[in-house]
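Just so it is clear, none of the values below were taken in a lab; they were calculated from the coordinates. Here the structure is a predicted model, which is why all the values come from computation and not from measurement. We place every Cβ from the backbone using ideal geometry, glycine too, and count neighbours over all the protein chains shown.
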Amino acid sequence: MNPKLSKKAIKEFEVVTNIKVIKLLLDGTRKDIVFKYLVNKPMTVKQLSVAMNKKPGTVLHHVQKLKSVGIIVLVETRETPRGIVERYYRAIAREFRLGISERMSAYDESTVPPKDRVNATLLGLSTLGVVITESEFKHARTILQKLIDRETEMSLVYNTPKNHAYQRLPQSTRRDVSQRMLQFLLSQDEVHQKILSEWNGIIAYYLKKTSSELA
């Protein structure tokens with residue numbers, strides 16, 4: 001029986017909201033298959049195994065899982081002169097987004113603007129099971145921005161150009177000293193503790209929600 005080929009053109013992006021599919025995509029090998037290779041061009045299992053330096057059987061296992069949830073599709077078959085049928089797979093989209101209008105990419109950090117540290121952090125939390133829905137994304141971003149702003153403000157107590165002795169410390173030492181001092185200052189700051197409590201509530205809510213969806 002001839003395998004069913006997909007005739008659909010590749011999409012520019014695909015929004016992924018199913019938590020089980022997101023978890024599937026977070027596996028290192030499957031992440032490579034999709035984001036490093038199949039978003040760019042169709043490839044066979046053999047070609048992928050050579051590119052990734054992995055056994056064909058291992059790659060085939062992951063390809064079948066990705067195909068079963070519709071993240072990749074079979075787009076072409078070719079029969080070699082020796083009678084072997086080669087199957088070419090590609091991703092259904094060039095980019096994948098996690099339901100919060102942000103790009104999911106494991107290889108090019110420039111896809112997330114450096115100035116948007118908050119959005120990048122919220123997106124990154126999805127890899128830990130904290131998948132914030134689009135409708136609640138704005139609220140979470142506001143709280144996290146307040147937290148970051150307060151931490152930055154408190155760091156200015158000691159991290160100033162006039163503190164020459166501190167600025168002359170080796171970078172690694174300065175980073176360690178800064179971390180310890182900032183932890184202490186924040187633990188004594190009521191404003192930070194209040195914002196942190198609200199932020200921790202958001203994290204706890206989404207971790208619990210993820211656990212229940214996977215149960």
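Do any helices (runs of 4 or more DSSP H) lying entirely in the range 1-100 carry at least 1 residues that are in contact with a His (Cβ under 6 Å, 6 or more places away or on another chain) and touching a residue at least 24 places away in the same chain (Cβ under 8 Å), and which ones are they? So that I can check it myself, show each step before the final result.
Values: elements: 19-25, 28-31, 45-52, 56-68.
The qualifying helices (runs of 4 or more DSSP H) are 28-31.
Exactly one residue out of 26, 5 is surrounded by fewer than 16 Cβ atoms within 10 Å (Cβ to Cβ) and more than 23 Å from the chain's Cα centre (by Cα): that is 5. Please determine whether any residue of the range 202-212 is part of a helix (DSSP H, G or I) and farther than 23 Å from residue 23 by Cβ. Looking for residues that are part of a helix (DSSP H, G or I) and farther than 23 Å from residue 23 by Cβ, one finds none in the range 202-212, hence no. Using the structure shown, decide if residue 13 is surrounded by fewer than 18 Cβ atoms within 10 Å (Cβ to Cβ) and in contact with a strand residue (DSSP E or B) (Cβ under 8 Å, 6 or more places away or on another chain). Against the criterion (surrounded by fewer than 18 Cβ atoms within 10 Å (Cβ to Cβ) and in contact with a strand residue (DSSP E or B) (Cβ under 8 Å, 6 or more places away or on another chain)), residue 13 qualifies.
Filtered by the rule that a residue be without any contact (Cβ under 8 Å) to a residue 60 or more places away in the chain, closer than 16 Å to residue 140 by Cα and not β-branched (Val, Ile, Thr), the range 193-207 gives 194, 196, 197, 198, 199, 200, 201, 204, 205. Scanning the range 49-94 for residues that are in contact with a strand residue (DSSP E or B) (Cβ under 8 Å, 6 or more places away or on another chain) and within 24 Å of residue 20 (Cα to Cα) yields a total of 13. When we screen 197, 187, 135 for residues that are over 22 Å from residue 117 (Cα atoms) and surrounded by fewer than 14 Cβ atoms within 10 Å (Cβ to Cβ), the only hit is 187. The set of residues in the range 143-184 being under 22 Å from residue 121 (Cα atoms), among the polar types (S, T, N, Q) and surrounded by 12 or more Cβ atoms within 10 Å (Cβ to Cβ) consists of 145, 155, 178. One residue stands out in the range 60-89 among those that are within 21 Å of the chain's Cα centre (by Cα) and of a type outside the set (Gly, Ala, Ser): the one that is surrounded by the most Cβ atoms within 10 Å (Cβ to Cβ), namely 72. The residues of the range 30-59 that are surrounded by fewer than 17 Cβ atoms within 10 Å (Cβ to Cβ) and under 19 Å from residue 93 (Cα atoms), listed by number, are 36, 40, 41.
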